[in-house]
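*Asks:* The structure is given below, and queries will be raised subsequently.
The values are calculated or read from the model by the stated rules, or taken from the named source; none is laboratory data. This structure is a prediction, so every number in the text was calculated from the model and none was measured. All Cβ positions, glycine included, derive from the backbone under ideal geometry; neighbour counts span all protein chains shown.
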């Protein structure tokens with residue numbers, strides 16, 4: 001490594017755009033011999049051939065963000081060609097708010113009755129990835145209040161948007177690329193799938209309504225690789241973008257369509273009884289982030 005950029009992200013010599021972060025070997029989801037990724041979820045959940053085609057073509061859109069000829073763009077284009085013929089139609093760009101405008105994104109969530117708070121993305125040099133760190137006591141301060149949101153994001157638009165899942169009346173199943181969690185989640189929700197988000201790491205979030213508000217973060221008998229976010233849990237909200245351009249992205253919807261689905265009174269399905277039974281109606285646990293560890297402080301990770 002040869003120094004770092006203004007965000008503390010490692011850069012290599014002759015690589016001012018930090019393409020070291022985009023090197024294919026750093027992202028298992030780019031390799032033909034990868035761990036299960038969101039493509040595996042599409043297949044396992046039975047979302048259909050057309051859905052898979054649209055998903056695979058998103059590789060081209062992701063790779064293009066890093067510039068023609070960049071290592072990541074070349075790798076993504078090659079992977080898209082491997083997974084689907086070049087003649088397949090390109091994925092349509094999602095609607096506003098524009099990428100990286102987290103202030104506007106947070107306001108959109110609030111206007112749809114969803115509770116949010118700011119999340120920083122500091123570079124973790126030891127783990128060689130971006131951390132996800134709430135900047136406030138999110139359990140107490142997550143809000144729909146536009147004045148508070150303006151205060152948080154006006155001068156820090158780079159902060160991502162955290163979603164207080166339980167307070168927003170939702171529950172989220174989080175399938176990780178590790179431990180075959182993505183494909184396993186696809187099998188579990190097959191035929192009863194909620195609203196789907198793909199994550200920067202190649203994982204999947206599946207949203208359901210939890211009108212009873214009785215479920216916390218307990219995983220019940222879910223297999224390894226699947227976490228649950230309910231009362232006392234949060235996720236990075238769809239539309240948030242990491243400093244390297246990778247994002248939490250709604251599957252086959254733009255952001256506003258997704259928000260219309262998950263808002264209070266929206267069409268996201270209620271948690272199916274079979275899944276509820278597997279989780280068990282338990283009291284909310286202590287707040288946790290995406291690494292599954294108990295967190296009593298504000299630095300819960302997603």
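*Asks:* Check off (1) touching a residue at least 60 places away in the same chain (Cβ under 8 Å); (2) over 23 Å from residue 113 (Cα atoms) for residue 165 and give me the number that stays unchecked.
*Replies:* Of (1) touching a residue at least 60 places away in the same chain (Cβ under 8 Å); (2) over 23 Å from residue 113 (Cα atoms), only one is false for residue 165: (2).
*Asks:* Search the range 251-267 for residues that are farther than 20 Å from residue 144 by Cβ and pair each with any residue that is part of a loop (DSSP other than H, G, I, E, B) when their beta-carbon atoms are under 7 Å apart and the residues are at least 6 apart or on different chains.
*Replies:* Sorted first by the residue in the range 251-267, then by its partner, the pairs are 254/94; 254/95.
*Asks:* Would you please name the residue that is nearest to the chain's Cα centre (by Cα), looking only at residues in the range 195-209 that are surrounded by fewer than 23 Cβ atoms within 10 Å (Cβ to Cβ) and part of a loop (DSSP other than H, G, I, E, B)?
*Replies:* 200
*Asks:* Determine, yes or no, whether residue 117 is modelled with pLDDT of 55 or more and touching a helix residue (DSSP H, G or I) at 6+ places or on another chain (Cβ under 7 Å).
*Replies:* yes
*Asks:* Sticking with this one: Only one of (1) surrounded by 23 or more Cβ atoms within 10 Å (Cβ to Cβ); (2) over 23 Å from residue 264 (Cβ atoms) fails for residue 164. Which number is that?
*Replies:* (2)
*Asks:* Just one of the numbered conditions (1) modelled with pLDDT of 95 or more; (2) more than 23 Å from residue 103 (Cβ to Cβ) is not true of residue 201; which one?
*Replies:* So the condition that residue 201 fails would be (1).
*Asks:* OK, next. Please find, among 259, 215, the residue that is closer than 20 Å to residue 167 by Cα and assigned to a loop (DSSP other than H, G, I, E, B). Quick ask: steps written out before the conclusion?
*Replies:* Details: 259 fails: assigned to a loop (DSSP other than H, G, I, E, B).
From the options 259, 215, the qualifying one is 215.
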